[in-house]
Amino acid sequence: MFKKLMVILLLITCFFLLFQWDVKQGYKKYTKAHPYTETTAYTGKLTMFPEGSKLYTSLLTDMKQAESYIYLQFFIFRDDPISMKFIELLKEKAKHGVDVKFSVDRFGGKDISSSLIKEMEENGIEFAFSRPLQFPHLFYSLNHRNHRKLVAIDGHTSYIGGFNIGEEYLGNNEKLGYWRDYHLRIQGNGTYEIEKQFLKDWGEDTGATKNPHSLNKTASSNNQSAYQLVFATGETLENQVLELIKQAKKELIIATPYFIPNDTIMDAFEDAKERGVTITLIVPDTTDAWFTKPPSYPKTKELFNEGATVYLYTKGFFHGKVMIIDDKVANVSTANWDPRSFYLNDEASCLVYDQRFIEQVKKELKQDMKDSRKLTREIIDDIPIWEKSLVNTPEWIYYYF
């Protein structure tokens with residue numbers, strides 16, 4: 001019996017060593033071929049959507065008006081009423097000659113059946129699952145997900161942010177309730193960059209190559225903002241976040257659904273506090289992924305002990321991914337503050353430099369603070385014992401949450 005247990009233990013150990021090795025090798029190969037991309041600065045009209053109903057109304061309206069093409073990529077797409085509303089519109093546009101390309105992450109799109117795919121293709125929609133399993137680095141491809149949420153329409157309108165497509169994003173999930181998130185609509189030439197990244201991902205997932213369209217229209221509104229787009233996989237995204245923290249002279253506001261930064265980032269926070277920077281963190285009080293909370297407790301507690309103000313969002317579920325630096329830069333992103341986003345996922349961000357727009361974002365974040373409770377010593381002490389027991393989970397496991 002003892003020998004059998006030892007053999008089983010040895011096999012499990014070998015499996016995890018092989019798993020880790022494969023992920024590291026696959027990561028090195030992929031990131032070498034996919035360097036960090038920061039676009040030139042653009043100006044355009046930016047619109048922020050912190051609620052799913054308003055975002056979906058805007059997106060559906062823009063899709064209805066499309067004349068040439070609609071490209072969509074989401075991490076999650078459900079098989080529910082609102083999702084089918086999107087599918088029906090895409091089918092209608094494809095029938096009228098609009099080039100429709102629709103991509104969903106292979107794991108986030110698990111609700112999409114083969115019959116639905118067949119129905120889409122029969123109606124002219126080109127569909128693909130992004131980031132399929134691949135050899136030789138099977139375990140890396142299993143964990144490497146396309147977490148970007150990108151939409152490009154007719155060369156002049158695009159979307160990027162935290163929302164996916166499903167009823168829960170409208171607040172129709174009984175457990176999570178009201179869903180709070182942050183998503184950007186961009187009008188102007190920067191849409192070209194989102195389209196280009198979509199087509200690059202599409203080509204890698206399908207083998208079909210296509211150059212970005214020449215359609216590039218400036219936003220008609222005078223109310224324009226300066227911004228840059230960032231596309232990254234791996235630690236280059238973490239390096240960007242570190243640079244933003246180091247730029248702060250007065251204030252940092254971070255909003256994220258999952259807060260598991262590494263020691264390097266925590267050291268950067270400590271340095272910022274020593275420079276006199278005030279730090280505010282907004283995280284959900286109730287999560288949609290319970291396993292992310294125990295490893296986040298030590299990080300949140302450390303930040304709290306250093307004098308940061310931590311808000312626990314209580315109105316529903318908070319899924320926004322925003323960072324504001326000194327009212328000079330707002331980072332609206334698809335990336336969470338966890339190892340999966342910083343090392344394994346494909347992510348995208350929009351860096352906004354317009355103070356008027358940043359004030360709008362800050363106003364929304366202040367409302368989120370009102371809809372939260374402040375973290376206190378008593379709350380920390382009252383963490384359930386079963387969650388405390390998981391606090392010391394080995395750090396390498398965080399990468400696969």
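Worth pointing out:
- Checked across segment 145-152, the condition of being over 17 Å from the mean Cα position of the chain (by Cα), of a type outside the set (D, E) and within 30 Å of L17 (Cβ to Cβ) holds for no residue.
- Residue selected from segment 264-275 under the condition in contact (Cβ under 8 Å) with a residue 12 or more places away in the chain and open to solvent by 50 Å² or more (accessible area, probe 1.4 Å), by the criterion nearest to E238 (Cα to Cα): T264
- Every residue from segment 124-170 that is out of contact with any helix residue (DSSP H, G or I) (no Cβ under 7 Å at 6 or more places or on another chain) and over 22 Å from T206 (Cα atoms): G161, G162, E168
- Of the residues T280, T300, T292, the single one that is of a type in the set (S, T, Y) and either open to solvent by 50 Å² or more (accessible area, probe 1.4 Å) or at pLDDT 95 or above (or both) is T280.
- Unmet criterion (only one of (1) aliphatic (A, V, I, L, M); (2) more than 24 Å from the chain's Cα centre (by Cα); (3) more than 18 Å from A208 (Cα to Cα)) for I125: (3)
- Pick from segment 90-140, criterion in contact with a Gly (Cβ under 9 Å, 6 or more places away or on another chain) and basic (K, R), ranking: surrounded by the most Cβ atoms within 10 Å (Cβ to Cβ): K93
- Of the strands (runs of 3 or more DSSP E) lying entirely inside segment 309-401, those containing at least 1 residues that are modelled with pLDDT of 95 or more, of a type in the set (D, E, K, R) and surrounded by 14 or more Cβ atoms within 10 Å (Cβ to Cβ) span 346-352.
- Close contacts from segment 51-64, counting a first residue that is in a helix (DSSP H, G or I) and a second that is open to solvent by 50 Å² or more (accessible area, probe 1.4 Å), with Cβ to Cβ under 6 Å and a gap of 6+ residues or different chains, come to G52/L170; S53/L170.
- Residue in segment 109-122 that is under 25 Å from the mean Cα position of the chain (by Cα) and farther than 29 Å from A232 by Cβ present: yes
- Criterion (touching a His at 6+ places or on another chain (Cβ under 7 Å) and either assigned to a loop (DSSP other than H, G, I, E, B) or at pLDDT 95 or above (or both)) met by exactly one of K210, K249, K217: K217
The values are calculated or read from the model by the stated rules, or taken from the named source; none is laboratory data. Fair warning: this is a prediction, and the values are worked out from it, not measured in the lab. Cβ: placed from backbone, ideal geometry, glycine included. Neighbour counts: every protein chain shown. The accessibility values were calculated without ligands, DNA or RNA, using every heavy atom of the protein model including side chains. Shrake-Rupley method; radii C 1.70, N 1.55, O 1.52, S 1.80 Å.
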